[in-house]
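Report on the structure given below.
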Amino acid sequence: MFVRLPLAVAALGSIAYLSIFPPKPLPALAPFLDPVRGVWAVARAGVLPENASGKIPGLAANVRVFYDRRGVPHIFATTELDAYRALGYVVARDRLFQLELQTRAANGTLSGLLGPAALPLDREVRALGLTRAADEKLAAVDTASEPWHVVEAYADGVNAYIDGMRARDLPLEYRLLGARPQRWEPINSIHLLNQMGLTLSYSDEEFRRLRLAGVVGDRAADALLPVNSPVQEPIVPNGQAPARIDSTPLPPPGVPDTAARALAMALAGITRALPALAARTTEGVVVGSNNWAVAPARTRDKYALLAGDPHLELTLPSIWYEVHLAVPGVLDEYGVTIPGAPSIVIGFNRDVAWTFTNSGADVVDFYAESVDVAARPTRYLVDGAWRPLTRRVERYLSPNGELLATDTVLYTHRGPMRRAGGRWLSMRWTVLDPTTVLAPFVGIAHARTAGAWLDSMRAYGAPAQNMLVADRTGTIAIRATGEFPVRPAGNGGRGDIVRDGTVSSSDWTGVWPVSRYPFARNPTQGFLASANQQPIDPRTDSSYLGCDWPDPWRAMRINALLRADSLATEDSMRVYQTDAGSARADLFAPYFLTAAVRALAAAPHDSVLRRSASLLGEWDHRYDPNNERAVLFELAMRQLQRRLWDELNAPGDSVPVVRPSESVVAQLLTQPTSVWWDDHRTPATVETRDDILAASLRAALGDALRKYGEPGDGGWRWGHVQHYNIYHLLHLPSLSRLDLPVQGGPGTLSPASGSGVHGPSWRMVVQLGPDVRGWGTLPGGESGNPASPRYDSQLRNWLSGTLDALYFPFDSVVLSRPPGSPSLTLDPAGRRTP
């Protein structure tokens, strides 16, 4: 599976390309296959030379880059700006195509590289206002500030590499597309961060609620998409263990809200083109992460420990790039950056370590606008007065510069406005605001305490994150940080409703002060953990921060593990990151088994249910690759969802308009005779909780036998049923790593579900002792060249849950490097050598 790619892979890639991008022809065959300058040169460029050199205009002095045995670059410079110039250079050297592809995805110019097939994506990105927002953020930048000098230095490094490229250095993807790399502009770093905002903070809770209210009424919709999670395991410790499950009876289905249904139908297609939202809709994907920290008193060696485990899309090359930056007496930082971001994002220095999970806060609001002319509006109404709409013309070009399409995007004072089904809707979104994002990441590199690190992050804007930090003094702390809107007091200050755009009283009135952010430092329990759950118990603070929170199963599991471990080590932290146990299964499986016992007491000859219950009873609630019972539980959960929510089906449809979270199902488990358990498709019978659970377990066995055969024949093995699929950026199968065995399942600490394209994107453990030590791995390698041994060199360890020791030398002299290891010398006026 991990055999190095032969030269023929490039040809296979070109064959795969034909089926993915048919509108754009392949490059001319003869130059493409030229043995010196063509695709065959990719293999030669895949191996870094022992001694290479290059130039970056503007360097204050030479910069030395040494690559360790894992292929990670260690950059030793004499000034910070030189270090960031070198960072841009080495990232471009390894990830040039990724730099351009993700920039184009963020600024709506994919069509200029991939052709007309990418036009719908480009139009959606620009309709969301992301390109305009980047322009406005650039215009607001203090170009004399140190953080902006860092952005420019990074761009200088990327462009220096591009300018010095030889023909054989051109990445494979450009050869397949017949394209050349664009020069890197400083604004591209802003585009990248906007793209992360789209991935992590864009939501459509308003539309989900409208669809649900249109079927079961407002009161039931509020209960099924609750503001507060029915299962409380908050990030800020509330002194409770285990999790608290809300037993408040759910209101029955009510009279459908016809106005809500009409509005939902009118707005149905407004975000359909966004791949991220489509994935969430079809797979239930939650773009989430885990992190936790343990105070010295609960560790074996009496030093603080921190673990970071962000879950994002799995790609080759990886979304992260590992690097060490060192400037004597000024900067000494190790971690991962996103190609295009001029700083380390997650990592550690000699005193502090940090990591993030997504906060899940609701930072998007929609407003129903009244315009002067529905077909071609020029004005919109606010407080009885007409205001002019701002118009921005967006032009989309093909790879050869031909105009493909032109759009006019309209803006109110709140943000972009778009039409759907005869209605006009505008949007306010923190990601579009001129917030500060880049500067804090430059500042945290110099922090020497957790408190100083948190102070550096006070100005951070979007996307909002749960920021976990630990230091060598033993402090551990977490704070949800970012712009959280202050909404009008009506409706409880909620953000999950479409607001009236004709009155200014609907507008945000500001953002939360940092003093209000959910925050915990050195809790008495001795550890902190976040896994995208609701940050703070509503009994502590009922202020609206979001709604319909991700299920807290991962948080419950890690808290249970940490609560039981008073002598944590770096190795136990590593083991927890791929722990296959399931708090979700611990909660639901006993209910299935109890329901089966009661059903069999009434119908003892039900051999199918008896067998299914016996098989489930053998399960240890783990999702190891060789486990042969997890699949039965998952099929039972799927049957439960199908049978439970029949009231949510739209007229004439058999699929719920919205599927409530499993936390809501957990709440219903406490109400065995709730009307929601009754299956309205069987009018002669009134079902209870146990009836539905037993029927689901019975049906699950039939599903398993049809899909996977008899248990014990191998088809029920979890590693056979669920896989990770790590696709190349252009989804070329020969350059991807597919059908990889999985340890973990839905809701586990290493989650795996759906098509397996999301998962742990970087695992890291740091011990904050006298000498800070780190361990980590990512699902791939450092290089974006498929012919490089560094393309997927970390994948085997990632799959096994093994973490590599991260080399963090004080200087280049003590860097552990095998003989013949690559190195690179960069100077202001040098001549590039192989």
Quickly rank 572-579, 772-779, 706-713, 514-521 as a protection proxy: mean count of other C-beta atoms within 10 Å, highest first. 772-779, 572-579, 514-521, 706-713
Phi to ³J(HN,Hα) by Karplus 6.51 cos²θ - 1.76 cosθ + 1.60 over region 388-393, Hz, x for Gly, Pro: x, 7, 8, 10, 10, 8
Once you wrap a convex hull around the alpha carbon atoms of region 583-720, what is its projected area averaged over all directions, in nm²? 8.8
The ³J(HN,Hα) series, computed from each phi in region 240-249 with the Karplus coefficients 6.51, -1.76 and 1.60 at θ = phi - 60°, rounded to the nearest Hz and given as x for glycine or proline, is 10, 7, x, 4, 9, 9, 5, 9, 4, x
Listed candidates (1) 89, 68, 65; (2) 84, 75, 49; (3) 85, 66, 57 - label of the one calculated as Cα extents along the principal axes in Å: (3)
Which residues' amide hydrogens lie under 5 Å from the amide hydrogen of residue 404, considering only partners 5 or more residues apart or on another chain, with H built in the peptide plane? 396, 397, 398
For residue 290, enumerate residues with amide H under 5 Å from its amide H, sequence gap 5+ or separate chain, H modeled in the peptide plane. 309, 311
Interchain or long-range residues, amide H under 5 Å from residue 578's placed H: none
In the calculated pair distance distribution of region 90-166, what percentage of Cα-Cα distances lie above 19 Å? 52
So what's the net charge close to residue 148: Lys and Arg +1, Asp and Glu -1, counting the other residues with Cβ under 12 Å from its Cβ? -2
Which value in deg cm²/dmol, rounded to the nearest 500, describes the helix-derived mean residue ellipticity at 222 nm for the chain, given -39,500 (n - 2.57) per DSSP H run of n ≥ 4 and division by the residue count? -9500 deg cm²/dmol
antiparallel share of DSSP beta bridges within the chain, to nearest 5, in %, is 90
Can you return the aspartates and glutamates within cross-link range of residue 137? Criterion is Cα-Cα under 12 Å, with same-chain partners fewer than 8 residues away left out. 433
Probe radius 1.4 Å, ligands and nucleic acids ignored: give me the carbon and sulfur share of the accessible area of the chain as a rounded percent. 54
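Could you pull out every whole DSSP H run in the chain that spans at least 18 Å of Cα extent along its own axis and averages 0.0 or higher on the Kyte-Doolittle scale?
8-20, 187-201, 583-602, 630-644
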Provide the per residue accessible area, probe 1.4 Å, for region 480-561, rounded to a whole number of square angstrom. 36
Alpha-carbon centroids, region 135-210 and region 338-367: separation in whole Å: 17
Over region 43-108, calculate the relative contact order: mean separation of alpha carbon pairs under 8 Å at least 6 apart, over the residue count, as a percent. 21
Please report the net charge: other residues with Cβ closer than 12 Å to the Cβ of residue 397, K and R +1, D and E -1. -1
Compute the signed sum of charges (Lys and Arg +1, Asp and Glu -1) over the other residues within less than 15 Å, Cβ to Cβ, of residue 531. 0
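Report the relative contact order of the chain, percent, no decimals, based on alpha-carbon pairs under 8 angstrom and at least 6 residues apart.
In percent, rounded to a whole number, it is 21.
Give me the accessible area per residue for region 583-720, probe 1.4 Å, as a whole number in Å².
42
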When you count, for each residue, the other Cβ atoms within 10 Å and take the mean per peptide, how do 648-656, 660-668 rank with the highest first? 660-668, 648-656
The extension gain from residue 594 to residue 403, computed as 0.36 nm times the residue separation minus the Cα-Cα distance, is 62.3 nm
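The values are calculated or read from the model by the stated rules, or taken from the named source; none is laboratory data. Please read all numbers here as calculations on a predicted model, not as lab measurements. In this analysis, Cβ positions are derived from the backbone assuming ideal geometry, glycine residues included, and neighbour counts consider all displayed protein chains. When the accessible area is computed, the model is the full protein with side chains, heavy atoms only, and any ligands, DNA or RNA have been set aside. Shrake-Rupley method; radii C 1.70, N 1.55, O 1.52, S 1.80 Å.
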